[in-house]
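Down below is the structure, laid out as C-alpha cells.
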Amino acid sequence: MTTVTYTATDADGNTTTCQFTVEVTGTCDTLTELTTNMFINASNFVVNQDRDAIVTVDNIGANPTSGQIQFALTKPATSFFSTTIPAINYTADVLLPGGIATNNGDWSCTNNGIFYLCTSKPGVVINPGNSSIIGMNFKADGPSAVPNSKAQAVSSLGTGTGGDQNIDNNRAKSNLIIN
C-alpha cells in the first residue's frame, strides 16, 4: 500500500494538493518458455560424407524448467541418411572452430525408427537464458543415397514440456541434400 501526494498548479498560480492511497495486487507471469534450434555447418553432402549437427533446447522465459523435458528428432529419410545421437557428452564439430560441447549425457534418447524421442534425465533443469545442447551425426549412406537426394531433419518440443507455454516456437528444421 502506497500513499501518493499530487500537487497541481493552474495557469493563474492556484495550487491544490490531493492524496490517494494505491494498492497493487495480482500476480506477474513468471513463465517458462522453451524454444528449439538446429545447427549444421553445411547442409550439402556427398555420398558417404557425415556431418555433426546440434539441437538446442533454449529457455527464453523467466523461470527454470520444471519436470522432464521432451523433444522428438524426426530423422532425415533413412533411405538417404543414417542418424546417430551419442549417449555421452562430446564435442560436436559444428559452428565454432574446435566444436561445441554437448549435454548429451543429460538426455535419454530412444530410436523409434523414423525419429528419436529424447527425454531429459531426472534433475536436469534449464535455467532462464540457458540452453541444453544435444549433438548428433548425419551420414549420407542410406541405400538410396545418390546425388540430388533431399531430406529434412526436424526437432519438435513436446507440448507443455518442462513448463513450456507457447507451442508456436517449438519446431526447428534443417534441409539436407546429397550432391
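The values are calculated or read from the model by the stated rules, or taken from the named source; none is laboratory data. Quantities reported herein were computed from a predicted structural model and do not represent experimental measurements. FYI the Cβ positions are ideal-geometry reconstructions off the backbone, even for glycines, and counts take in every protein chain you see.
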* Structure fact -> So the strands (runs of 3 or more DSSP E) completely within segment 1-99 holding 3 or more residues that are farther than 30 Å from residue 177 by Cα, of a type outside the set (D, E, K, R) and out of contact with any Gly (no Cβ under 6 Å at 6 or more places or on another chain) are 2-9, 15-22
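Matching residues to (1) farther than 30 Å from residue 158 by Cβ; (2) modelled with pLDDT of 80 or more:
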position	(1), (2)
2	yes, no
16	yes, yes
24	yes, no
31	no, yes
36	no, yes
46	yes, yes
52	no, yes
* Structure fact -> Per the filter on segment 162-179, residues under 12 Å from the mean Cα position of the chain (by Cα) and of a type in the set (Val, Ile, Thr) are 167
* Structure fact -> Only one of (1) more than 16 Å from residue 174 (Cβ to Cβ); (2) within 18 Å of the chain's Cα centre (by Cα) does not apply to residue 97, and that is (2)
* Answer with yes or no whether residue 59 is surrounded by 13 or more Cβ atoms within 10 Å (Cβ to Cβ), closer than 27 Å to residue 175 by Cβ and in contact with a Pro (Cβ under 8 Å, 6 or more places away or on another chain). => yes
* Can residue 78 be described as surrounded by 15 or more Cβ atoms within 10 Å (Cβ to Cβ) and either touching a residue at least 40 places away in the same chain (Cβ under 8 Å) or under 26 Å from residue 164 (Cβ atoms) (or both)? -> no
* Might you check whether a residue that is closer than 18 Å to residue 156 by Cα and touching a Phe, Trp or Tyr at 6+ places or on another chain (Cβ under 9 Å) occurs anywhere in segment 57-64? => yes
* Asked: If a residue has to be of a type outside the set (A, V, I, L, M), surrounded by 13 or more Cβ atoms within 10 Å (Cβ to Cβ) and outside any strand (DSSP E or B) to count, how many in segment 117-132 make the cut?
  -> 2
* Asked: Of the numbered conditions (1) surrounded by 11 or more Cβ atoms within 10 Å (Cβ to Cβ); (2) without any contact (Cβ under 8 Å) to a residue 12 or more places away in the chain, residue 16 satisfies every one except a single condition; which is it?
  -> (1)
* To do: Consider residue 66 carefully, then state whether it is small (Gly, Ala, Ser), in contact with a helix residue (DSSP H, G or I) (Cβ under 8 Å, 6 or more places away or on another chain) and surrounded by 13 or more Cβ atoms within 10 Å (Cβ to Cβ).
  => no
* Kindly indicate which of 85, 54 is surrounded by 15 or more Cβ atoms within 10 Å (Cβ to Cβ) and in contact (Cβ under 8 Å) with a residue 60 or more places away in the chain. => 54
* Which one is surrounded by the fewest Cβ atoms within 10 Å (Cβ to Cβ) among residues in segment 148-170 that are of a type in the set (Val, Ile, Thr) and either touching a Pro at 6+ places or on another chain (Cβ under 9 Å) or in contact (Cβ under 8 Å) with a residue 12 or more places away in the chain (or both)? -> 154
* Restricting attention to segment 136-161, report how many residues are within 13 Å of the chain's Cα centre (by Cα) and not in a loop (DSSP other than H, G, I, E, B). => 5
